Amino acid sequence: EAGVAQSPRYKIIEKRQSVAFWCNPISGHATLYWYQQILGQGPKLLIQFQNNGVVDDSQLPKDRFSAERLKGVDSTLKIQPAKLEDSAVYLCASSLDGSGVFSYEQYFGPGTRLTVT
Amino acid sequence: AQSVSQHNHHVILSEAASLELGCNYSYGGTVNLFWYVQYPGQHLQLLLKYFSGDPLVKGIKGFEAEFIKSKFSFNLRKPSVQWSDTAEYFCAVLSNSGYALNFGKGTSLLVTP
């Protein structure tokens, strides 16, 4: 079974530039999550999709971050404009169906390491 | 919101030593708890999970965790660590609003030969 794919793996940009990350979840997984992991901390949820609808985006800084999941499969996360404090690893995860306790198990991708200079 | 806290941020052990990593959760109701591991250069992987039932949960690679409701704890244990257990360990709780995970800050474990 193929895992969660993410690209790029690394990205270096200057502040005020824009950047986009892509995620392809495990086939058949209805729920997709984007997490931000700052160095020395645990991952923090940015946004959760159920199919192509947003379930939770309460911690997404909407003035600069946006995300979409067209057609309920792959997803992109964008930052525009980037700030120094956005330097982090951006993790994508997917689960079969987040609506049932036993189908919530999340599978994580390798992440995209973003450095903002 | 449900949250977890991990007390040990950096742990160094010799091979064959016993391991216990602490995790405390904040919510007094029904909780679903997890331990994830991130080996160097690899993605997060699930070690074990607790939903209900037997409070002693066994996971992969010889790890286990005990859910103690009276102490709000879900500590991770392994009787004898190996060099290959060197990794970052994260405790997490399933949020009750959407099934996302709330992670602790993680514990970095270094096992020396």
Subject >> Farthest toward positive dipole pole in the stretch A:15-94 [+1 Lys/Arg, -1 Asp/Glu at C-beta], among A:53, A:22, A:42 >> reply: A:22
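How much length is gained on full extension from residue A:117 to residue A:85, taking 0.36 nm per residue of separation minus their Cα-Cα distance? Don't skip to the answer; put the middle values down first.
Numbers: separation 32, 0.36 × 32 = 11.52 nm, distance 0.97 nm.
Length gained, residue A:117 through residue A:85: 10.6 nm.
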Original post:
Label residue A:5 and residue A:74 with points 7 Å out from Cα along Cα→Cβ: what is the distance between them in nm?
Top reply: 0.6 nm
**OP:** Of the listed pairs A:44/A:78; A:11/B:61; A:15/A:71; A:62/A:83; A:83/B:49, which have alpha-carbon separations greater than 25 Å here?
**Re:** A:11/B:61; A:15/A:71; A:83/B:49
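Based on Cβ point charges of +1 for Lys and Arg and -1 for Asp and Glu, what charge dipole magnitude is obtained for the protein assembly as shown about its Cα centre, in debye rounded to the nearest 20?
Details: 20 positive and 18 negative charges, 89 e Å.
Around 420 debye, computed over the protein assembly as shown.
Just the projected area, averaged over all directions, of the convex hull on the alpha carbon atoms of chain B: how many nm²? Spell out each step's value before the answer.
Working: hull surface 27.0 nm².
If you wrap the Cα atoms of chain B in a convex hull and average its projections, you get 6.7 nm².
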Original post:
What accessible area per residue comes out for the stretch A:9-73, rounded to a whole number of Å², with a 1.4 Å probe?
Top reply: 54 Å²
**OP:** For every other residue with a beta carbon closer than 13 angstrom to the beta carbon of residue A:17, add +1 if it is Lys or Arg and -1 if Asp or Glu, then tell me the sum.
**Re:** +4
Original post:
Which is farthest toward the positive dipole end of chain B among B:51, B:6, B:96, measuring Cα position about the Cα centre, with Cβ charges +1 (Lys, Arg) and -1 (Asp, Glu)?
Top reply: B:96
Subject >> Residues with amide H under 5 Å from that of residue B:2, placed H, sequence gap 5 or more >> reply: B:96
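Taking a ≥ b ≥ c as the square roots of the eigenvalues of the Cα gyration tensor of the protein assembly as shown, is the shape rounded (a/c under 1.5), prolate (a/b larger than b/c) or oblate? All intermediate terms of the calculation are to be shown ahead of the outcome.
Numbers: a/c = 1.87, a/b = 1.41, b/c = 1.32.
The shape class here is prolate.
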**OP:** Using a Förster distance of 45 angstrom, determine the FRET efficiency expected from the C-beta separation of residue B:112 and residue B:30, and round it to 0.05.
**Re:** 0.70
**OP:** Would you kindly state how much longer the chain becomes between residue B:69 and residue B:20 on full extension, computed as 0.36 nm times their sequence separation minus their alpha carbon distance, in nm to one decimal?
**Re:** 15.9 nm
Original post:
Among rounded, prolate and oblate, which fits the stretch A:35-117 when a ≥ b ≥ c are the square roots of the eigenvalues of its C-alpha gyration tensor, a/c under 1.5 means rounded, and a/b larger than b/c means prolate?
Top reply: prolate
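The values are calculated or read from the model by the stated rules, or taken from the named source; none is laboratory data. As the structure is a prediction and not an experimental result, all values here were calculated from the model. Ideal geometry is used to build each Cβ from the backbone, glycine not excepted, and the neighbour counts take in all protein chains shown. Surface accessibility is based on the protein's heavy atoms, side chains included, excluding ligands, DNA and RNA. Shrake-Rupley method; radii C 1.70, N 1.55, O 1.52, S 1.80 Å.
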